[in-house]
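Reading through the structure tokens given below for one structure.
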Amino acid sequence: LAKTTQPISMDSYEGQEVNITCSHNNIATNDYITWYQQFPSQGPRFIIQGYKTKVTNEVASLFIPADRKSSTLSLPRVSLSDTAVYYCLVAPEDSSYKLIFGSGTRLLVRP
Amino acid sequence: NAGVTQTPKFRVLKTGQSMTLLCAQDMNHEYMYWYRQDPGMGLRLIHYSVGEGTTAKGEVPDGYNVSRLKKQNFLLGLESAAPSQTSVYFCASSYTLAGATLDPDLYNEQFFGPGTRLTVL
């Protein structure tokens, strides 16, 4: 299973764009890149998933370069409610039981 | 549509006691999971199930047993609780390709319950 590396913590201010980069050097050909968000005292929540190039939904964008050895989660114009832990995971298509949650990135959004 | 629910929300046990945590989902998902999360850590997979009547070990299965007698329910049992099992337990469920969605953007989406906070004294 591919190992991921992401920053332990990040600080930002309301209204700024936040980019969290995840490294996954040994990603396999059929692995998808998935991001989850977890608020205190809640279970994680799926944010976005992609395989290559760029994926955008109503919450975030995911940028994946051609070599797929890293990915960047982009949160536009963050608010205080975006303060959470963000997890980057890689797993093969339709193998959600192989998801490995690391320690994640703690994002603190300040007023 | 309640999603994933967990019972109980909180529990305090004494060392050596047993208990069962119940997870229920109403989304007709095939896959179900039990995770534990220790303070400041990510989630670790205890056991999972890929369908009714099936179970499999995850990353940290020792000290736990599971059963999936009905598709919508996944039970996690602690036969003899230990202080090292003090943690927050999360249940989750997900689709498969053969299930309700063929959307590639949702292949690895797991739906989580609210968690059970367990303290073993």
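Descriptive notes on the structure:
- Amide H to amide H distances under 5 Å link A:I48 with A:W35, where only residues 5 or more positions off or on other chains count and H is placed in the peptide plane.
- In a DSSP loop and with at most 16 other Cβ atoms within 10 Å, the trypsin sites (Lys or Arg not before Pro) in the range A:43-92 are A:K52, A:K69, A:R77.
- Residues of the range B:17-33 buried by at least 40 Å² on assembly (accessible area, 1.4 Å probe, chain alone as reference): B:Y31
- Among the trypsin sites (Lys or Arg not before Pro) within the range B:1-78, those in coil by DSSP and having at most 11 neighbouring Cβ atoms inside 10 Å are B:K9, B:K14, B:K70.
- Residues along the range B:38-78 losing 30 Å² or more of accessible surface when the other protein chains are present rather than the chain by itself (probe 1.4 Å): B:G40, B:G42, B:L43, B:Y48
- Debye intensity ratio in log₁₀ form over the Cα atoms of the range B:51-90, taken at each q of 0.34 Å⁻¹: -1.27
- Over the protein assembly as shown, all Cα pairs binned in 5 Å intervals from 0 give whole-percent P(r) values of 1, 7, 14, 18, 18, 16, 12, 8, 4, 1, 0, listed from short to long.
- Candidate cross-link partners of A:K98 among the lysines, defined by an alpha-carbon separation under 22 Å and a same-chain spacing of 8 or more, comprise A:K3, A:K52, A:K69, B:K57, B:K71.
- Computed log₁₀ I(q)/I(0) - Debye formula, equal Cα scatterers, no solvent, chain B, q 0.11, 0.17 Å⁻¹: -0.35, -0.80
- Computed over every Cα-Cα pair of the range A:9-106 and binned at 10 Å starting from 0, the pair-distance distribution P(r) comes out as 16, 51, 29, 4 percent.
The values are calculated or read from the model by the stated rules, or taken from the named source; none is laboratory data. Note that the structure is predicted; figures quoted are calculated from it, not measured. Here Cβ is always computed from backbone atoms with ideal geometry, including for glycine, and neighbour counts include all displayed protein chains. We work out accessible area using only protein heavy atoms, side chains counted, and drop any ligands, DNA or RNA first. Shrake-Rupley method; radii C 1.70, N 1.55, O 1.52, S 1.80 Å.
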